[in-house]
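Reading through the structure tokens given below for one structure.
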Amino acid sequence: MTGSTKQPKRILRILLPAVLILAWLAGAAIGGPYFGKIDEVSSNDNATYLPESAEATQVRDRLDEFLDADTIPAVIVITGDTELSEEDLTATQQVVDDIGTLDEVHSGVSPPIPSEDGLAVQVFVPMDAGADIPTTVDEIRTIMADDLPGNLTAHVTGPAGFSADLLEGFAGIDGLLLGVALSAVLLILLFVYRSLLLPIVVLSTSLFALCVALLTVWWLAKIDLLVLTGQTQGILFILVIGAATDYALLYTARYREELRRNKDRGAATRAAVKGSVEPILASGGTVIAGLLCLLLSDLGSNKSLGPVAAIGIVFAMASALSLLPSLLFAMGRVAYWPRRPRYEPERGDDIAVNTGAYAKIGTWIERRPRVVWIACTLLLVIGAAFITQLRADGVPQSEFVLGTSDARDGQEALADHFAAGSGTPVYLIASEADYPAVVDVLVADDGVASISITADTPSGSIPIGDDGAPAAPPGMEGSPTIVDGDVLLQATLSDATDSDAAADTVRSLRAELDTTALIGGTTAIDVDTNDTAAADRDLIIPVVLVVILLILMALLRSILAPVLLIATTVLSFGTAMGVSALVFNELFAFPGADPSVPLYGFIFLVALGIDYNIFLMTRVREESLHHGTREGIHRGLAVTGGVITSAGIVLAATFAALAVIPILFLVQLAFIVAFGVLLDTFLVRTLLVPALGFDIGRPIWWPSRRINR
């Protein structure tokens, strides 16, 4: 009877891993092709991220009542070293006519408009909002390069030009980024494991998790339950690969331990899963909780990251706790070849406790714990002092893309010869009764170069003179367009649309016209985006701290230990941001940072930094229950030290891979997270936290009484 009972259980234990492996293979096979389809469901339009309550959103929602809002303008700037000749102007007109025949270009391309100095012309090209913007802009640039005389230089700028450059910058996300990240992780794993098979197994679990996560996210974005952006996509890739590899490192180390204790690989697998499930679920759950706090954001790009990245972490945990154990169960000790773990039950518990670098570090810290933690704290405080140098109040759209940018060059040429805000006006919606007062304010503002009012004329508007009265050319007279008693004014700014000066002009106009006009347009969208991002940052960071603190208290059954872990991680974050400020300002001379950069850095550094403290302290608590606090710290540090260090290096390398995408936001995030993770791995978790534990001793578990020494 006993034999007949054991046989089905044995079959089930063999069959379950096979079923899990096949299920993951099927998911990866279905999800893999979606890497090439992400553009179908992704968006990078800042205007769509703002909440409905934003003033710029309210204006955007009404624009189609006054004009054709289903277009995105491109501004062509053509310049010469000398005054443009009649032949130059004729050739320019021919090029403009050719551009007007493109399928994606909307009717209403303006004629070439000469500058006052005669050295340049500008052309406004309305493009269909649903067009393939990068392809169309590239076609325009090709026409100009082929057909304009050699003495002329042409650029495509404006919203369409900047959008094309931005999308081109994101183009390497599903190719170059993945290739660099996977190559870096593979090299690290080969060094860590000194094995040929195990790195491939671990990397496969990461890739399978990413494929299934991408499949899930793609369909949720397809049915409009999620918003997928270029930067969210890049972070998803990196986060899943890094997190899944980290969890795999923890499991493979535990499985190696259990293979030394257990001759049967099935028993070793069950013990390894049992020993790994709590720290992996706790660390992953902490990251997910932190990410989901982003749902409190008013900014759509922030809000979208939370669930997208959380889905990635869910599948990273699932692969580490189902696919990886199944693969290693199937392979057994062969997976570690040529360094196969031997069955050594007599040494299984203590084999790593009294040997290795981290055992020696633990002994060294215990001799002078107070000196160690004070020195570490002072070092972190010095670095954190520079956080005030971080300029995270927004950057011009022209600086989003690093390296060369035709749109940025065009913006500079536009500012040299025309009003810098040409082509992307500020829109003001006011009642017909308030319209004269609004015009008076605009005329008096030095930041406004010209004003027009939307009207039923061939050009679609009537210019307004310096005296505030309509100044339509002869034969172009018409009546202003009035919708529900409101009119639409367009104000061209003297400064570049994405400049600080333009933003100051919009803020000033809003202050003066607070109750008489709604102000929108590209500059207003930038202003509202930066303000919303700053408000999100100030709200979400405290919430994340409270949520993670509560999770740690529940996990460690303690109050003091979680408070200390949070404090050390926050201090580490402050140091990472302070050092990053110095690097960004002095080394790279970046123009500043988006207000979301500190928020994203905080989410990832605090949530992921706590991960390593969870890996360490859950093992310390496990050992302390049997051996006491001080011996538990020794054992926990010795056993997990190498694993956590490897995990930290892997995560830093994967986030550093974001720097290959020439987008300022991603490059800054890459440095902040990579540096912060390494700082947390080598200083905070290796020295500061163990030193605090040794110095405080048993009371660190207060008020828990299960650990009594």
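The values are calculated or read from the model by the stated rules, or taken from the named source; none is laboratory data. Just so we're clear, the structure is a prediction, and the values are computed from it rather than from any experiment. FYI the Cβ positions are ideal-geometry reconstructions off the backbone, even for glycines, and counts take in every protein chain you see. The area values use the complete protein model at the heavy-atom level, side chains included, leaving out ligands, DNA and RNA. Shrake-Rupley method; radii C 1.70, N 1.55, O 1.52, S 1.80 Å.
Can you name the number of the only condition in (1) hydrophobic (A, V, I, L, M, F, W, C); (2) over 30 Å from residue 290 (Cβ atoms); (3) touching a residue at least 12 places away in the same chain (Cβ under 8 Å) that residue 469 fails?
Condition not satisfied by residue 469: (3).
If the requirement is being touching a His at 6+ places or on another chain (Cβ under 7 Å) and of a type in the set (Gly, Ala, Ser), which of these qualifies: 115, 107?
115
Under 33 Å from the mean Cα position of the chain (by Cα), under 16 Å from residue 620 (Cβ atoms) and part of a helix (DSSP H, G or I), is that true of residue 667?
no
Can you name every residue in segment 142-165 that is touching a Gly at 6+ places or on another chain (Cβ under 9 Å) and surrounded by fewer than 22 Cβ atoms within 10 Å (Cβ to Cβ)?
Answer for segment 142-165, where residues must be touching a Gly at 6+ places or on another chain (Cβ under 9 Å) and surrounded by fewer than 22 Cβ atoms within 10 Å (Cβ to Cβ): 149, 151, 152, 153.
Is there any pair linking a residue in segment 623-649 that is at positive phi to one that is of a type outside the set (Phe, Trp, Tyr) and open to solvent by 10 Å² or more (accessible area, probe 1.4 Å), with Cβ under 6 Å and at least six apart or on different chains, and which?
Close Cβ pairs (under 6 Å, with a partner that is of a type outside the set (Phe, Trp, Tyr) and open to solvent by 10 Å² or more (accessible area, probe 1.4 Å)) amount to 628/709.
Please specify each residue of segment 80-99 satisfying the condition of being within 45 Å of the chain's Cα centre (by Cα), open to solvent by 90 Å² or more (accessible area, probe 1.4 Å) and among the acidic types (Asp, Glu).
Correct list: 81 only.
Quick one: residue 596 ticks every box in (1) open to solvent by less than 10 Å² (accessible area, probe 1.4 Å); (2) within 20 Å of residue 551 (Cα to Cα) bar one, so which box is it?
It is condition (2) that residue 596 fails.
Out of 413, 407, 359, report the one residue that is in contact with a Gly (Cβ under 6 Å, 6 or more places away or on another chain), farther than 30 Å from residue 469 by Cα and open to solvent by less than 20 Å² (accessible area, probe 1.4 Å).
Answer to the selection: 407.
Sort out which residues of segment 542-562 are open to solvent by 40 Å² or more (accessible area, probe 1.4 Å) and either in contact (Cβ under 8 Å) with a residue 12 or more places away in the chain or not in a helix (DSSP H, G or I) (or both), and write them in order of number.
Scanning segment 542-562 gives 543, 545, 547, 549, 551, 557, 559, 560.
Condition check ((1) among the aliphatic types (A, V, I, L, M); (2) over 18 Å from residue 543 (Cα atoms); (3) touching a strand residue (DSSP E or B) at 6+ places or on another chain (Cβ under 8 Å)) across all residues:
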| site | (1), (2), (3) |
| --- | --- |
| 273 | yes, yes, no |
| 285 | no, no, no |
| 291 | yes, no, no |
| 312 | no, yes, no |
| 320 | yes, yes, no |
| 323 | yes, yes, no |
| 331 | yes, yes, no |
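Anything in segment 431-453 that is hydrophobic (A, V, I, L, M, F, W, C) and closer than 18 Å to residue 514 by Cβ? List them, or say none.
Residues satisfying the conditions are 433, 437, 438, 439, 441, 442, 444, 448.
Can you report the number of residues in segment 212-231 which are surrounded by 22 or more Cβ atoms within 10 Å (Cβ to Cβ) and assigned to a helix (DSSP H, G or I)?
Number of matching residues: 7.
With respect to the numbered conditions (1) open to solvent by 20 Å² or more (accessible area, probe 1.4 Å); (2) closer than 23 Å to residue 584 by Cβ; (3) among the small types (Gly, Ala, Ser), which one is the sole condition not fulfilled by residue 670?
(1)
Do we find that residue 571 is in a helix (DSSP H, G or I) and either among the aliphatic types (A, V, I, L, M) or touching a residue at least 24 places away in the same chain (Cβ under 8 Å) (or both) in this structure?
Against the criterion (in a helix (DSSP H, G or I) and either among the aliphatic types (A, V, I, L, M) or touching a residue at least 24 places away in the same chain (Cβ under 8 Å) (or both)), residue 571 qualifies.
Could you please find all residues in segment 401-454 being among the acidic types (Asp, Glu) and under 25 Å from residue 165 (Cα atoms)?
Hits for segment 401-454 are 406, 409, 412, 416.
Among the residues of segment 81-137, write down those that are part of a helix (DSSP H, G or I), under 19 Å from residue 158 (Cα atoms) and out of contact with any strand residue (DSSP E or B) (no Cβ under 9 Å at 6 or more places or on another chain).
Answer for segment 81-137, where residues must be part of a helix (DSSP H, G or I), under 19 Å from residue 158 (Cα atoms) and out of contact with any strand residue (DSSP E or B) (no Cβ under 9 Å at 6 or more places or on another chain): 134, 135.
Just wondering, is there one or more residues in segment 628-640 that are open to solvent by less than 20 Å² (accessible area, probe 1.4 Å), of a type in the set (Ser, Thr, Tyr), more than 15 Å from the chain's Cα centre (by Cα) and modelled with pLDDT under 85?
Yes: one or more hits.
When only residues in segment 690-706 that are within 14 Å of residue 559 (Cα to Cα), crowded, with 19+ Cβ neighbours inside 10 Å and of a type outside the set (Phe, Trp, Tyr) count, which is modelled with the highest pLDDT?
Among those residues, the one meeting the criterion is 693.
Checking residue 421 against (1) small (Gly, Ala, Ser); (2) crowded, with 18+ Cβ neighbours inside 10 Å; (3) out of contact with any strand residue (DSSP E or B) (no Cβ under 8 Å at 6 or more places or on another chain): exactly one of these is not met. Which one?
Just one mismatch for residue 421, condition (3).
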